[in-house]
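**Q** Take this structure first; my questions come after.
The values are calculated or read from the model by the stated rules, or taken from the named source; none is laboratory data. Values in this document were obtained by computation on a predicted structure and should not be read as measured data. Here the Cβ positions follow ideal geometry from the backbone for every residue, glycine too, while neighbour counts run over all protein chains shown.
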Amino acid sequence: MPLTIPKILAASLLLLLLASCELEEGVPLRAPSGATPDAEIDWSATADSMQEAFYTTYLGANGTFVQDNRGTATFHYWPNAHALHVLVDGYERTGDPAYLPRMLELLRGIRTMHGGSYSNVFNDDMLWLGNASVRAYNATGNEEYREVAEFLWEDIIMSYSDIFGGGISWKKDTPYSKNAVSNGPAIVLAMRLYALDQDSTYLQWARDLYEWQNANLVDPATGLVWDNISEENGTVSVQKDWVFTYNQGTWIGAGNWLYEATGEEGYLNNSLRTARSLMTSPKVTTDGILRDEGQGDGGLFKGILVRYLTELILQPDINDSDRQKLVDFMQYNGETFYQDGLLRPEMLAGPNWARQPTDRTDLTTQLSGLMLVEAMAKLQAADLL
């Protein structure tokens, strides 16, 4: 999923300004009571409304979804992969059979709109679809989803090499650029596939990729994840100024999944360290709210973090203190979005969860807001709110 140059420059400048701030001096986490509404929010009903708005507003050709609410018809692979995720969210929460044809049409439509193939030069795009496909398979039992996920996995690991000591490249044609976005989700996908039939090959891939990412792209002091390691003109460097929300999310998810399978506490401890850091880091939050990363590609980043942060909250083996702090953080983000960031009656989301969107809402941005609301519904169903 390519980041445009203006977005890269803007993100880099912002993060450079914030880089001088020490984590311990980061933005304090405000109490969620500041956003508590007068009446309890029915998060499932809100999710239903947002799901319907998403589907009717963004539906395009062949069951796929268009770029924005203005009808820009450009097809983008990676947000459509996440659209499958949110449809699975809706189906798992409600059991409504109306989701089933929507999910399958979307899966097949991605292939059609991408020239008749699921293969993509961007490994992360395939990883997003692979992870969503395993979830769809688990929810429905339809073997077509599993076959797609396994095909994508085999395609992705062809980009593994010993350059920089291991890891999967961001794109098939950039072996000297290895990114968190092409390794964190790969660990999660390997673990999802491992969970299907306990094939130890997947577990070993996950372990190896985890060890590589931990050594190369994770700040040992905070657990926050750096964007990439690359080589240019013979100089190897790690891009530490780019600390994006979604890379924190997949790293948290990777550790949680590996802990579930192995029982090795180091994995869970690493996920908790990253989660604790991100809640107050000015690189990730603004006044206790996950930061505005713009629309376009960045509009989807926060929703990915929320997905895996929710999985960590639901992990039974974390202590009550950590769980409550994470719930409070999520609740403050969710209630702020519900009160200040959700445009009604259109049910549209903007890139700043504390402010309503203006005239254009990208698919990416809408999906991110919907992921937040589905996560809140899941936490409410677990009696954590």
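Residues checked against (1) of a type in the set (D, E, K, R); (2) not in a helix (DSSP H, G or I):
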residue: 40; (1), (2): yes, yes
residue: 45; (1), (2): no, no
residue: 73; (1), (2): no, yes
residue: 79; (1), (2): no, no
residue: 82; (1), (2): no, no
residue: 86; (1), (2): no, no
residue: 90; (1), (2): no, no
residue: 96; (1), (2): yes, yes
residue: 116; (1), (2): no, yes
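**Q** Looking at region 179-223, which of its residues are under 18 Å from the mean Cα position of the chain (by Cα) and farther than 18 Å from residue 262 by Cα?
**A** Across region 179-223, the qualifying residues are 179, 180, 181, 182, 183, 185, 213, 217, 218, 223.
**Q** To continue, here is another question. Checking residue 149 against (1) without any contact (Cβ under 8 Å) to a residue 12 or more places away in the chain; (2) under 18 Å from residue 206 (Cβ atoms), which test does it fail?
**A** With (1) without any contact (Cβ under 8 Å) to a residue 12 or more places away in the chain; (2) under 18 Å from residue 206 (Cβ atoms) applied to residue 149, the lone miss is (1).
**Q** Among residues belonging to region 187-216 that are surrounded by 18 or more Cβ atoms within 10 Å (Cβ to Cβ) and touching a residue at least 60 places away in the same chain (Cβ under 8 Å), point out the one that is farthest from residue 247 (Cα to Cα).
**A** Among residues in region 187-216 that are surrounded by 18 or more Cβ atoms within 10 Å (Cβ to Cβ) and touching a residue at least 60 places away in the same chain (Cβ under 8 Å), the one farthest from residue 247 (Cα to Cα) is 194.
Okay, residues lined up against (1) touching a Gly at 6+ places or on another chain (Cβ under 8 Å); (2) outside any helix (DSSP H, G or I); (3) modelled with pLDDT under 95; (4) among the small types (Gly, Ala, Ser):
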position	(1), (2), (3), (4)
327	no, no, no, no
331	no, no, no, no
334	no, no, no, yes
364	yes, no, no, no
371	yes, no, no, no
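**Q** Looking at region 356-373 only, could you name the residues that are without any contact (Cβ under 8 Å) to a residue 40 or more places away in the chain and surrounded by 20 or more Cβ atoms within 10 Å (Cβ to Cβ)?
**A** Passing the criteria: only 357.
**Q** Would you say residue 137 is touching a Lys or Arg at 6+ places or on another chain (Cβ under 7 Å), under 17 Å from residue 192 (Cβ atoms) and either of a type outside the set (Gly, Ala, Ser) or touching a residue at least 40 places away in the same chain (Cβ under 8 Å) (or both)?
**A** Judged against the criteria, residue 137 is a match.
**Q** Could you go through region 308-325 and let me know if any residue there is in contact with a Ser or Thr (Cβ under 7 Å, 6 or more places away or on another chain), touching a residue at least 12 places away in the same chain (Cβ under 8 Å), hydrophobic (A, V, I, L, M, F, W, C) and under 14 Å from residue 373 (Cα atoms).
**A** No: zero hits.
**Q** Can you name the condition, by its number, that residue 94 falls short on among (1) within 21 Å of the chain's Cα centre (by Cα); (2) more than 14 Å from residue 65 (Cβ to Cβ)?
**A** It fails just one condition, (1).
Here's the yes/no breakdown for (1) touching a strand residue (DSSP E or B) at 6+ places or on another chain (Cβ under 7 Å); (2) crowded, with 18+ Cβ neighbours inside 10 Å; (3) farther than 19 Å from residue 188 by Cβ:
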position	(1), (2), (3)
61	no, no, yes
104	no, yes, yes
115	no, no, yes
128	no, yes, no
141	no, no, yes
156	yes, yes, no
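Per-residue answers, yes or no, for (1) on the phi > 0 side of the Ramachandran plot; (2) in a helix (DSSP H, G or I); (3) buried (at least 24 other Cβ atoms within 10 Å of the Cβ); (4) not small (Gly, Ala, Ser):
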site	(1), (2), (3), (4)
305	no, yes, yes, yes
312	no, yes, no, yes
322	no, yes, no, yes
354	no, no, no, no
375	no, yes, yes, no
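**Q** Which residues, counting only those in region 265-303, are among the β-branched types (Val, Ile, Thr) and either over 19 Å from residue 242 (Cα atoms) or in a loop (DSSP other than H, G, I, E, B) (or both)?
**A** Correct list: 284 only.
**Q** Determine, yes or no, whether residue 53 is surrounded by 24 or more Cβ atoms within 10 Å (Cβ to Cβ), in contact (Cβ under 8 Å) with a residue 24 or more places away in the chain and assigned to a helix (DSSP H, G or I).
**A** Here the answer is no, as residue 53 does not meet what is asked.
**Q** Name the residues in region 187-202 that are within 22 Å of residue 136 (Cβ to Cβ) and in a helix (DSSP H, G or I), would you?
**A** 187, 188, 189, 190, 191, 192, 193, 194, 195, 196, 197, 202
**Q** Here's a follow-up. Mind listing whichever residues of region 38-50 are surrounded by fewer than 21 Cβ atoms within 10 Å (Cβ to Cβ) and among the small types (Gly, Ala, Ser)?
**A** Result: 39, 44, 45, 49.
**Q** So, in region 160-186, how many residues would count as being in a loop (DSSP other than H, G, I, E, B), crowded, with 24+ Cβ neighbours inside 10 Å and β-branched (Val, Ile, Thr)?
**A** Total satisfying the criteria: 0.
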